[in-house]
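Taking it in order: structure first as structure tokens, then the write-up.
The values are calculated or read from the model by the stated rules, or taken from the named source; none is laboratory data. Computed from a prediction, not measured in an experiment: that's the story for all the values here. Ideal geometry is used to build each Cβ from the backbone, glycine not excepted, and the neighbour counts take in all protein chains shown.
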Amino acid sequence: QKEVEQNSGPLSVPEGAIASLNCTYSDRVSQSFFWYRQYSGKSPELIMSIYSNGDKEDGRFTAQLNKASQYVSLLIRDSQPSDSATYLCAVEKAAGNKLTFGGGTRVLVKP
Amino acid sequence: GAVVSQHPSRVICKSGTSVKIECRSLDFQATTMFWYRQFPKKSLMLMATSNEGSKATYEQGVEKDKFLINHASLTLSTLTVTSAHPEDSSFYICSASSRGPSYNEQFFGPGTRLTVL
């Protein structure tokens, strides 16, 4: 079992729709969770960080964390073609500051 | 926001040469920097964790004598790929950690694309 798992996609959504991305992790002591967006040929860009159970909203993005289920998700509302990218879920364990990345979900927003 | 730069952005070298990549945090002090490698269509793989003023911690399978890391100041870490070979061709990305009492975020540099001929 991989430490951080994501569906590789591609997740195809029409423009204006909601894109829903999921991520599960195996280590129960994980404390911090991040979503990064990576365009092809570019480095990852931090979109959201979430540290406690529940929802966290930032603009069109909402991160949801459920530590009991070891599950973190990202919703993208009003999806735009510019949201087409690979979204990486990253998890930090209790100590050490290191992030473990999932394989990424490729999102395609079609006009 | 936090800005991390990398230099060079792209390098092509001959097999057997050494290549140095610089990573700088421009607007904050980073006690910890990380070096990742990413092959095409793959996710990021952590190579090493670099702490200012101390030796880097390498991940399993990463040769410390081949990938030399120096973190001389709170804003600069360097990765030197020694005696590079074609299989070292990859996208190398650094990140710098900004840590507070209630948060820990990593900000990535733009990456360095290394091609070894």
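Go through the stretch B:61-89 and give me each residue that's under 21 Å from A:G41 (Cα atoms) and either more than 14 Å from the chain's Cα centre (by Cα) or not in a strand (DSSP E or B) (or both). Write out each step before concluding.
First, pick out the residues of the stretch B:61-89 that are under 21 Å from A:G41 (Cα atoms): B:79, B:81, B:86-89.
B:P86, B:E87, B:D88, B:S89, listed by residue number.
Which of (1) touching a Phe, Trp or Tyr at 6+ places or on another chain (Cβ under 8 Å); (2) more than 22 Å from A:T86 (Cα to Cα) does B:S43 not meet, given it meets every other one?
Every condition holds for B:S43 apart from (2).
Step by step: first the residues of the stretch A:1-19, then only those that are farther than 16 Å from A:E92 by Cα and outside any loop (DSSP other than H, G, I, E, B), then the one that is nearest to the other protein chains (Cβ to nearest Cβ). Which residue is that?
Selected residue: A:L11.
Assuming B:Y92 fulfils every condition listed in (1) outside any loop (DSSP other than H, G, I, E, B); (2) modelled with pLDDT of 95 or more; (3) surrounded by fewer than 19 Cβ atoms within 10 Å (Cβ to Cβ) apart from one, which condition is it?
(3)
For the stretch B:86-93, state whether one or more residues are closer than 23 Å to B:A2 by Cα, within 14 Å of another protein chain (Cβ to nearest Cβ) and touching a residue at least 60 places away in the same chain (Cβ under 8 Å).
Checked the stretch B:86-93: at least one residue is closer than 23 Å to B:A2 by Cα, within 14 Å of another protein chain (Cβ to nearest Cβ) and touching a residue at least 60 places away in the same chain (Cβ under 8 Å).
Name every residue in the stretch A:65-111 that is more than 18 Å from A:Q38 (Cβ to Cβ), in contact (Cβ under 8 Å) with a residue 12 or more places away in the chain and among the basic types (K, R), in order of residue number.
Result: A:K67, A:R77, A:K93, A:K110.
Go through (1) within 27 Å of A:G9 (Cβ to Cβ); (2) among the hydroxyl-bearing types (S, T, Y); (3) part of a strand (DSSP E or B); (4) facing chain A (nearest Cβ under 9 Å) for B:S97 and report which single condition fails.
Evaluating B:S97 over (1) within 27 Å of A:G9 (Cβ to Cβ); (2) among the hydroxyl-bearing types (S, T, Y); (3) part of a strand (DSSP E or B); (4) facing chain A (nearest Cβ under 9 Å) leaves (1) as the failure.
Based on what the data block shows, is A:P111 modelled with pLDDT of 95 or more and out of contact with any Ser or Thr (no Cβ under 6 Å at 6 or more places or on another chain)?
It is false that A:P111 is modelled with pLDDT of 95 or more and out of contact with any Ser or Thr (no Cβ under 6 Å at 6 or more places or on another chain).
Please go through (1) out of contact with any Ser or Thr (no Cβ under 7 Å at 6 or more places or on another chain); (2) under 29 Å from B:M47 (Cα atoms); (3) of a type in the set (D, E, K, R) for A:D78 and return the number of the only condition it doesn't satisfy.
Tallying (1) out of contact with any Ser or Thr (no Cβ under 7 Å at 6 or more places or on another chain); (2) under 29 Å from B:M47 (Cα atoms); (3) of a type in the set (D, E, K, R), A:D78 fails exactly one: (2).
Which numbered condition in (1) surrounded by fewer than 18 Cβ atoms within 10 Å (Cβ to Cβ); (2) within 14 Å of chain A (Cβ to nearest Cβ) is the only one that B:T80 fails?
Going through (1) surrounded by fewer than 18 Cβ atoms within 10 Å (Cβ to Cβ); (2) within 14 Å of chain A (Cβ to nearest Cβ) one by one, B:T80 breaks only (2).
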